[in-house]
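Step one of this worksheet: look at the structure below.
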Amino acid sequence: MTLRISMPGLNLKNPVMPASGCFGFGKEYSQFYDLNELGAIIIKAATKEPRYGNPTPRVAETASGMLNAIGLQNPGVQGIIEEELPFLQQFSTPVIANVAGSTIEEYVYVAKSFNETNGVQALELNISCPNVKEGGVQFGTDLQLAKEVTYKVKEVSRHPVYVKLSPNVTNIVEMARGVVDAGADGLSMINTLTGMQINLKMKRPIIANKTGGLSGPAIKPIAIRMIYEVKQAVDVPIIGMGGIETAEDVLEFLLVGANAVAVGTANFRNPLVCSEIIKELPHVLEMYGFSSVEEAIGKGHTHG
Amino acid sequence: MERQLLPIIKQSQIAYETFEIVFRTSLAQQLKPGQFVHIALPNHILRRPISVANVNPIENTFTIIFKIFGDGTKMLSTYQVGNTLDVILPCGSHYPIEDLHVRKALIVGGGVGVPPLYYLAKTLKEKGVDVTSILGFQGKEHVFYEEKFQQLGDTHIATNDGSYGVKGFVTDVIKQIEPEFDYYFSCGPTPMLQAVTNVMGDKQGFISLEERMGCGVGTCYACIVPLKSNPEKSLKICKDGPVFAANEVVLG
Ligand SMILES: Cc1cc2nc3c(=O)[nH]c(=O)nc-3n(C[C@H](O)[C@H](O)[C@H](O)COP(=O)(O)OP(=O)(O)OC[C@H]3O[C@@H](n4cnc5c(N)ncnc54)[C@H](O)[C@@H]3O)c2cc1C
Ligand SMILES: Cc1cc2nc3c(=O)[nH]c(=O)nc-3n(C[C@H](O)[C@H](O)[C@H](O)COP(=O)(O)O)c2cc1C
Ligand code: FES
């Protein structure tokens, strides 16, 4: 049984990695298990300047999920390179940096900054954070802007670029085709879906930002459907995510065409979830008749 | 920090919708006053943070006290002796009493902010500190641990509706009795902490804060509080807190 998988810039010992924003920069969860076990680590979003983020409350629990409106709080790309990446370099696990911004110039700045460190093996271009209104631009829901930011980042970055798609669109295939045409080496999907929850006692939204991004098992069927559709339209590797909690969930993502997967919200309830999924995955693959991860990818498309 | 499956060895109701649970764990001796544990419940995506209310280092047990607030705490109240719960512990910072030179301590607690202060008061008393406690509750049937606090020192109760003790807020009692102390320690709802820190002015003290949490271990930035010295910067309540110096952070 081999769990190995190769994608542009990434030679992974297994296809499981923590999702951006749900693992910080690794330090806290390294108290629970050896981060060498992970296929890769996607770190919290990096912006040009340090960002404070939104007012609190920033999270709310929902049926089978949660809402968050963190607002991309992070120490800024320089802070991340100097203060956070050195810790991760002690592990053999590849690091994927999540790149965010309010303008194309900011995305380009951040992507360029990561050229100057060997602490990062690939970029995940976060054009899809629903919680940042600054600049009034939503890169992830505007086809032309999504293409432009992908193209400009590809132009300057020495790293492979995985564009993280927003599910808050009517035509996901069009967005996927657009960013692949603009040079994306791979896709990452899905980010959170915009939602809201009301506090009955206070008669107002629980989250101070009013809206937040829905994640967790509640969104898994949407992620599965979107990856299924996109896989039929483009020919680049996909990092799949949205509600993954078990090795069976991982297999479901592989079957619709994900080459690797990221686990987000599930880390909060079970800090050991990635480690446990990795240990369980060989048994689950075997149970369903596969002898490698590679073999399972896309097999959910080959029926009559 | 570890994730453990902990057996419940005692459970009881101690006041209106208020419950006490005692767990056994190999980590009991590591739990310090002010720290919390993060409890997973079936069918709930997020864990519930609950303070450590007491520790018995000989029996390797610790106590939590909680009030039914919503779905999660309601479910927690149905757990009985013999059941187990999935708990992350120890979480967060503690009252830094080893580093302080305290002779007289003032404890100010409100509602579900009272539990962590019991473990603190007990620990202070064991160190020979003189403890005065002022505890606020909604009404008579909400009051708990009054005798236990009394065994540690002078204890005053305030209730919002006046059905027990002094009618009014903990700050009314502070103004009334003008206690003598060199450090104060407070935990309770944010409006109470604002009122308490206002009354205290420049006096040295420590407060413990609450916020809705995602991870509870410091990775997700859900639970931040701005720094007073630079409100553009923040600390994480789950990791840098829940205990902060009274003048360190911006409340509310
Ligand atoms: C550090 C810390 C220590 C605490 N110690 C105690 C204690 O000793 N005893 C006690 O009774 N309560 C304590 N609380 C408050 C307790 O966590 C909440 O009452 C509880 O999470 C409510 O959950 P629920 O499912 O009943 O309510 P719901 O409203 O259904 O919960 C929905 C979501 O909001 C969160 N939430 C709601 N209210 C709070 C709150 N005040 N603080 C943090 N998260 C909240 C829940 O965790 C959950 O994720 C503490 C909170 C913190 C942050
Ligand atoms: C608290 C929180 C913070 C997040 N922060 C980021 C982020 O900084 N950048 C990003 O691209 N995605 C972020 N996400 C989205 C996740 O990476 C992931 O795409 C999404 O949550 C779906 O996966 P899940 O259901 O397993 O959580 C965040 C999600 C959560 C819950
Ligand atoms: S709850 Fe995640 S950082 Fe505090």
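Some points to look at:
- Selection count where residues are closer than 30 Å to A:Thr62 by Cα and in contact with a helix residue (DSSP H, G or I) (Cβ under 6 Å, 6 or more places away or on another chain), scope segment A:279-300: 4
- Complete set of residues in segment B:207-221 that are crowded, with 24+ Cβ neighbours inside 10 Å and either more than 10 Å from chain A (Cβ to nearest Cβ) or away from ligand 2 (no atom under 16 Å from the Cβ) (or both): B:Ile207, B:Ser208
- Only listed residue being open to solvent by less than 40 Å² (accessible area, probe 1.4 Å), within 14 Å of chain B (Cβ to nearest Cβ), at positive phi and at pLDDT below 95, chosen from A:Gly71, A:Gly24: A:Gly71
- For segment B:52-65, the count of residues that are of a type in the set (A, V, I, L, M), surrounded by 18 or more Cβ atoms within 10 Å (Cβ to Cβ) and within 14 Å of chain A (Cβ to nearest Cβ) is zero.
- Flag if B:Val108 is within 19 Å of B:Glu17 (Cα to Cα) and out of contact with any His (no Cβ under 7 Å at 6 or more places or on another chain): no
- Qualifying residue in segment A:202-220 (condition: within 14 Å of chain B (Cβ to nearest Cβ), of a type in the set (A, V, I, L, M, F, W, C) and more than 16 Å from ligand 2 (Cβ to nearest atom)): yes
- Filtered residue count, segment A:46-93, keeping only those that are more than 11 Å from ligand 2 (Cβ to nearest atom), touching a Gly at 6+ places or on another chain (Cβ under 6 Å) and closer than 21 Å to B:Val225 by Cα: 3
- The C-beta contact set for segment B:208-230 (first residue farther than 19 Å from A:Pro18 by Cα, second residue near ligand 3 (Cβ under 10 Å from one of its atoms) and among the acidic types (Asp, Glu), distance under 6 angstrom, 6+ apart or interchain) comprises B:Cys223/B:Glu211.
- Residue list for segment A:163-199, filter: acidic (Asp, Glu) and either in contact with a strand residue (DSSP E or B) (Cβ under 7 Å, 6 or more places away or on another chain) or crowded, with 21+ Cβ neighbours inside 10 Å (or both): A:Asp185
- So B:Ile224, is it within 19 Å of the chain's Cα centre (by Cα), within 16 Å of ligand 2 (Cβ to nearest atom) and at pLDDT 95 or above: yes
- Segment A:45-67 residues that are open to solvent by less than 20 Å² (accessible area, probe 1.4 Å), paired with ones that are acidic (Asp, Glu) and away from ligand 1 (no atom under 16 Å from the Cβ) (beta carbon under 7 Å, 6 or more apart): A:Thr47/A:Glu106
The values are calculated or read from the model by the stated rules, or taken from the named source; none is laboratory data. What you see is a predicted model, and the numbers here were worked out from it, not measured in a lab. When we count neighbours, we look across all protein chains shown, and the Cβ atoms used for this are built from the backbone with ideal geometry, even at glycine. Please note that ligands, DNA and RNA were not included when accessible areas were found on the heavy atoms of the full protein model with its side chains. Shrake-Rupley method; radii C 1.70, N 1.55, O 1.52, S 1.80 Å.
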